[in-house]
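The values are calculated or read from the model by the stated rules, or taken from the named source; none is laboratory data. Owing to the predicted nature of the structure, the values given are computational and were not obtained by experimental measurement. Glycine gets a Cβ as well: all are built from the backbone with ideal geometry, and neighbour counts include every protein chain shown.
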Amino acid sequence: MTTFIKIFDTILTADKDASRKAVREVRKFLYRTHSDRNDYDDIKNIIDSAPGEYAEISEDWRQENFVIAVSVIYYLHDKESQPDFLFSWLLHLLRHKNGNIRHAAVRMIEHELGPLTYHLRCPGKKSSFHDFSPEQADYIIARLFEGLHILMNDSWKPMYKKYKYIESLPSGTYKSAQMILSHLEDDCGNEYIRHLEELLRQK
């Protein structure tokens with residue numbers, strides 16, 4: 001019987017071809033007609049243990065397979081009250097030389113931006129999809145904002161000055177961080193971003 005645990009075991013232990021095929025199987029298995037509670041428990045356990053599992057992987061291609069597979073099921077995590085529970089790992093992944101890994105990390109971080117910025121986009125309205133406070137969201141956003149700027153400072157190259165648009169930037173850590181920051185700016189608004197910039201200058 002196929003399970004998410006077995007699929008991820010293949011990704012983590014099988015040869016290159018079988019591991020790659022297992023990544024495709026994740027999406028197929030996720031969207032099959034029938035599923036049960038055990039599947040979702042497996043998904044939550046896989047996501048929770050992802051940073052530790054990733055740390056044990058030595059092959060670049062297997063790292064890519066694993067991160068992409070995790071990104072497919074990431075939205076089913078049960079950490080709605082802790083949207084930043086994997087941010088330190090995801091920000092680490094943004095430094096990876098593999099563009100597919102960076103792209104997967106961008107997708108997972110951006111998945112959390114909607115809930116995190118809800119209080120800014122819909123002031124005064126309570127969301128039924130998460131239970132963290134606006135103050136908690138502000139704190140998480142500020143830490144993410146700082147983390148993105150650290151990444152951009154560390155990966156900055158003078159050649160980037162000639163690029164007017166983010167999409168024109170060469171693929172890399174700087175571009176990935178800019179993509180998330182742009183999304184964050186759209187959701188937060190200019191005034192809030194200026195507030196975050198001021199907080200950053202005070203550090």
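Observations on the model:
- Candidates Ser58, Ser81, filtered to the one that is outside any helix (DSSP H, G or I), free of Cβ contacts under 8 Å to residues at least 24 places away in the same chain and loosely packed, with under 14 Cβ neighbours inside 10 Å: Ser58
- Any chance His119 is part of a loop (DSSP other than H, G, I, E, B), crowded, with 18+ Cβ neighbours inside 10 Å and under 21 Å from the mean Cα position of the chain (by Cα): no
- Any hit, region 132-151, residues being at pLDDT below 95 and not in a helix (DSSP H, G or I): yes
- The condition of being of a type in the set (Gly, Ala, Ser), surrounded by fewer than 19 Cβ atoms within 10 Å (Cβ to Cβ) and in contact (Cβ under 8 Å) with a residue 12 or more places away in the chain does not hold for Ser128.
- Condition met for Ile7 (more than 30 Å from Lys175 (Cα to Cα) and in contact (Cβ under 8 Å) with a residue 40 or more places away in the chain): yes
- Ser171 within 29 Å of Asp48 (Cα to Cα), under 21 Å from the mean Cα position of the chain (by Cα), part of a loop (DSSP other than H, G, I, E, B) and at pLDDT 95 or above: yes
- Residue that is modelled with the lowest pLDDT [pool: residues in region 76-100 that are charged (D, E, K, R) and farther than 15 Å from Asp60 by Cα]: Glu80
- Filter pass, Glu112 being touching a residue at least 24 places away in the same chain (Cβ under 8 Å), closer than 13 Å to Leu90 by Cβ and assigned to a helix (DSSP H, G or I): yes
- Output for region 5-44, where each listed residue is at pLDDT 95 or above, of a type outside the set (A, V, I, L, M) and surrounded by 11 or more Cβ atoms within 10 Å (Cβ to Cβ): Lys6, Phe8, Asp9, Thr10, Thr13, Lys16, Ser19, Arg20, Lys21, Arg24, Glu25
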